[in-house]
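The values are calculated or read from the model by the stated rules, or taken from the named source; none is laboratory data. These figures come from a predicted structure and were not determined experimentally. Neighbour counts are summed over all protein chains in view; Cβ atoms, including those assigned to glycine, are modelled from backbone coordinates with ideal geometry. Side chains are part of the model used for accessible areas, which takes the heavy atoms of the whole protein and leaves out ligands, DNA and RNA. Shrake-Rupley method; radii C 1.70, N 1.55, O 1.52, S 1.80 Å.
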Amino acid sequence: MQNPQIDIKTFHKTVTMSGMLISIGIAFGDIGTSPLYTIKGIFSANAISEDLALGVLSCIFWTLFLQTTIKYIIITLRADNNGEGGILSLYALIRKHFGKWAVIPAIAGAAFLLADGLITPPISVASAIEGLQKYDATMDPVPIVIGILIALFVVQQFGTEKLGRFFGPIMLLWFGFIAIIGFMALKENFGVLKGLSPHYAFNLLAKHPGGFWLLGGVFLCTTGAEALYSDMGHCGRNNIRMSWIFIKISLVICYAGQTAWLLKHQGEVLNDLNPFYEIVPGNLLLLSVIISTAATIIASQALISGSFSLVNEAMRLSLWPRHKIKFPADKKGQLYIPFINWLLMIGCIFMVLHFKESKYMEAAFGLSVSLTMLMSTILITCYLLMHRLNKALVVMVTCTFLIVETSFLIANLKKFEEGGWITLLLGLIIVGMMYIWMKGTNIKKSLIETEPIQEYVPALMELSKDTSISKFATNLVYMTPVSNSELIETKTIYSIFQKSPKRADNYWFVNVSVLDVPYALRYKVETIAKDDVYFIYIKLGFREAQRVNYYLRLIIDEMVKNKEVDISSRYSSLQKGNISGDFKFMINQSYLSLENNLSTWRNLIMKLYFLIKKVEIREEEGFGLETSNVILEKYPLIITPPIKVNLIREL
C-alpha cells in the first residue's frame, strides 16, 4: 500500500496549471476582491492629496509584502498538519508540545475568523452591486444584495462541486480584468509607482496628521490572508505560492491605477464615488459589475465553505457542540452544516439591513480579523520553536509581525464606535461559547469513574448464558469515552447489572477518539472474552465524519470473515437460516444533578454548558448511529457532592 505521507508531500511540492487555477478560484477570493472597497474606504472621508494617496499606496504594497507574502505565503504555509492548513489545524499540530495554554489563542483566532464571516460576504457583494449606481444614483442595492446572499446560502445544501469547476476561470478573468483596467489608468501617470517606496509609507505614518489611523483602512487589503492558509489542503502549498505572483501583480497594478485616478482629483473627497469603478471605461461598466459580482460570490462561497470546515474541526476538537453534517458531494473535505449555514445567512442579512451601504460596512470590517492574525502569529511562533529553528531569528520575525499587527489592531479600534463593536461582540460571544464548551466537556471527562474490566468478565459471561433473564439483545454495544480496554465505566457496569439486567450474547465496548491529523480512519480490536466481550477503538481524523454505525458494520464483517466472532442469532429456530442477531446501542447521557454543591463560577459554567448543549444534535446522530437501534440512559452529573447533613430521627 502506498504511503499517504508521500502523496501529501508530492501534492504540496508539485506545481501544475490546473492546481494554480484551482488556487486562483478558491484561495484568493477574499483578498482578490479587496480593490473594490479598500481605497474607497480610506478616502470616503479624507481629502485627496499627493502625499496621502502615495502614502496609502505604499502602505498597501508593504502590507501585502509583509503580511501576505512573508507571513502567510512563505512562513505559515510551511505549517501543514498532514497537508491541511487553518488556525485549528495549526493548534492540533502544536498542542501536545505547548500544554493547555495554546488553546486560548486558537479559540480566539477561530472565533474572530467566524465573526469576520458575517461581514465579508455583505461588504463584498454590496461593493460590486453598488457599481450599478453609476447608471441610476437612486437605485437601492439592498434588495439585490440580500437576494444574492439568500441564493448563495440556499445552494450550499446541494454542494458546489459542479459550480466549483468554473471558479478558477472566473477568478482568472477577474484578476486579468483588474490588472488591465489598473494599467489603463496607470499609463496616464507612471510616476505613481514611486509610491511603492517605503519612504512614502513612513512619511504617512510619522508625519501626516492622523496618518496612523488610516492603517485601519489599509488593513482591508490583506484580510483574506488567513483564509488563504485555510485552503492549503485543497490547493497545495506550491500552487498557492506560484499563483500569488500573478495575484499580487494584478492587485498592485489595480491599486496603482486607482491611485493615479486619485491624483487627478486632489483636494476632493470621494463621498459615494468608488475609484475602482471610476477607472473602468464607460463601455465596460456593466461588464465590470457582472464580473465583480461573480468574483464576490465566489469569494463569499469560499468563506462559507471555510466556516463549515472550521466548525467541523472545532467539533472534533471538543471546542464546539456537535451539529448535523451533510456531505453534498463525493469530493473529500466538502461538507455542509445546516445550522451554521442558516445562522451565517441570518447574520449576513442583518449586517446588510443594519449598514445598508458598503461604506458603512467598512467600519465594522477588519477589527475581528486583525485579532485572528495576532492569534495566528502566536501559534506559528510555537510551530517554529517546535521545529527548533534559530530562537533569535524566530523572536525577531515574531516581534516584527506582532508590531505590525498590533499597529493594525490599534488603528482598527477607531472603528469600534462606527460599527466595529458588532463583529467584536460576536467574536467575544463565540469565544465565550467555545471556552464554556471546552471547560464543561473537560469537567465531564474528569468525572468519569472506571473499574478494572477483568473483575466483571466472568459475571458478563454468566449473564449472557442466564436464560432466566429475558435476552435484551444479541449484540449489545456501549459507546464509551474510556480509551483503555482494561477499564470499564462504573455507570456501564450499573447499566448492565443493576439498572435492569441486560443479557446479550456479545458485549461490545466502542471508543471513538479524534486524532490530531485531519484525515485518518483506523481501528483496533481487543478480544476480552471470545464470543462474549470485545473492545473496539475507532480512531478518526478531525475532519472525518463520525459514521460509527457504518464503520462498526465493516469492522464486524471483517471479524466474522476471520472467524473472530459469531454474531448469528443464538435462537435455535433462527440458527438454521444463519440469520445475524440484532444490534442495540447504549448511550449514557448526563444531566446536571440538583444535588451538586458547586462554587458560583463552576455552577455558571455548567449551567451555560447545558444551555449550549440544547443546540447540539442528539448524541446518536453525532456518532452516526441508526436511531431505531439506540437506547439512551440518563445519569445525574454530580460534580461536587452536597455538604454532609445530620438528619435526626425523632422517636
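Of the residues making up the stretch 352-361, those that are part of a helix (DSSP H, G or I) and either open to solvent by 10 Å² or more (accessible area, probe 1.4 Å) or at pLDDT 90 or above (or both) are Val352, Leu353, His354, Phe355, Lys359, Tyr360. Among residues of the stretch 262-279 that are closer than 12 Å to Ala45 by Cβ, those with a beta-carbon under 6 Å from a residue that is open to solvent by 50 Å² or more (accessible area, probe 1.4 Å) and modelled with pLDDT under 90 at least six positions away or on a different chain give the pairs Val269/Ala47. Entry remark, the stretch 465-516: residues being buried (at least 20 other Cβ atoms within 10 Å of the Cβ) and assigned to a helix (DSSP H, G or I) number 3 in total. Each residue in the stretch 92-126 was checked for being farther than 17 Å from Ser376 by Cβ and of a type in the set (A, V, I, L, M, F, W, C), and 5 of them qualify. Each residue in the stretch 520-540 was checked for being more than 16 Å from Asp505 (Cβ to Cβ) and touching a helix residue (DSSP H, G or I) at 6+ places or on another chain (Cβ under 7 Å), and 4 of them qualify.
Of the residues that sit in the stretch 531-546 and are open to solvent by 10 Å² or more (accessible area, probe 1.4 Å) and not in a loop (DSSP other than H, G, I, E, B), which one is farthest from Ser309 (Cα to Cα)? The residue in question is Tyr537.
Collect the residues in the stretch 437-464 that are β-branched (Val, Ile, Thr) and surrounded by fewer than 20 Cβ atoms within 10 Å (Cβ to Cβ), keeping them in residue-number order.
The answer is Thr441, Ile443, Ile448, Thr450, Val457.
For first residues located in the stretch 48-64 and closer than 18 Å to Gln266 by Cα, partners that are small (Gly, Ala, Ser) and open to solvent by 10 Å² or more (accessible area, probe 1.4 Å) and lie 6+ apart or on another chain with Cβ distances below 8 Å form the pairs Ile48/Gly267; Ser49/Gly267; Gly55/Ala201; Val56/Gly217; Ser58/Ser197; Ser58/Ala201.
Taking the criterion of being in contact (Cβ under 8 Å) with a residue 60 or more places away in the chain, over 14 Å from Ser127 (Cα atoms) and either open to solvent by less than 30 Å² (accessible area, probe 1.4 Å) or not in a helix (DSSP H, G or I) (or both), the residues of the stretch 138-156 that qualify are Leu152, Phe153, Gln156. For Asn341, the test of being part of a helix (DSSP H, G or I), more than 14 Å from Gln157 (Cβ to Cβ) and either touching a Ser or Thr at 6+ places or on another chain (Cβ under 9 Å) or at pLDDT below 90 (or both) is failed. Listed by first and then second residue, the pairs with beta-carbon distance under 6 Å, at least 6 apart or on different chains, first residue in the stretch 498-511 and within 20 Å of Val482 (Cα to Cα), second buried (at least 20 other Cβ atoms within 10 Å of the Cβ) and not hydrophobic (A, V, I, L, M, F, W, C), are Asn506/Asn475; Trp508/Tyr534; Phe509/Tyr478; Phe509/Thr480; Asn511/Thr480.
Within the stretch 301-324, does at least one residue satisfy the condition of being open to solvent by less than 50 Å² (accessible area, probe 1.4 Å), assigned to a helix (DSSP H, G or I), more than 30 Å from Gln157 (Cβ to Cβ) and among the aromatic types (Phe, Trp, Tyr)? No, the stretch 301-324 has no match at all. Among the residues of the stretch 393-417, the one identified as loosely packed, with under 14 Cβ neighbours inside 10 Å and of a type in the set (Asp, Glu) is Glu417.
Does Thr423 satisfy the criteria of being part of a helix (DSSP H, G or I), in contact (Cβ under 8 Å) with a residue 40 or more places away in the chain, open to solvent by less than 20 Å² (accessible area, probe 1.4 Å) and within 30 Å of Met139 (Cβ to Cβ)?
Numbers: part of a helix (DSSP H, G or I): yes; in contact (Cβ under 8 Å) with a residue 40 or more places away in the chain: yes; open to solvent by less than 20 Å² (accessible area, probe 1.4 Å): yes; within 30 Å of Met139 (Cβ to Cβ): yes.
Yes.
Anything in the stretch 436-491 that is under 30 Å from Trp320 (Cβ atoms), without any contact (Cβ under 8 Å) to a residue 40 or more places away in the chain and touching a helix residue (DSSP H, G or I) at 6+ places or on another chain (Cβ under 8 Å)? List them, or say none. Of everything in the stretch 436-491, those that are under 30 Å from Trp320 (Cβ atoms), without any contact (Cβ under 8 Å) to a residue 40 or more places away in the chain and touching a helix residue (DSSP H, G or I) at 6+ places or on another chain (Cβ under 8 Å) turn out to be Thr480, Pro481, Leu487, Ile488. Does Ala363 qualify as being free of Cβ contacts under 8 Å to residues at least 60 places away in the same chain and in contact with a Gly (Cβ under 8 Å, 6 or more places away or on another chain)? When the stated conditions are applied, Ala363 passes them.
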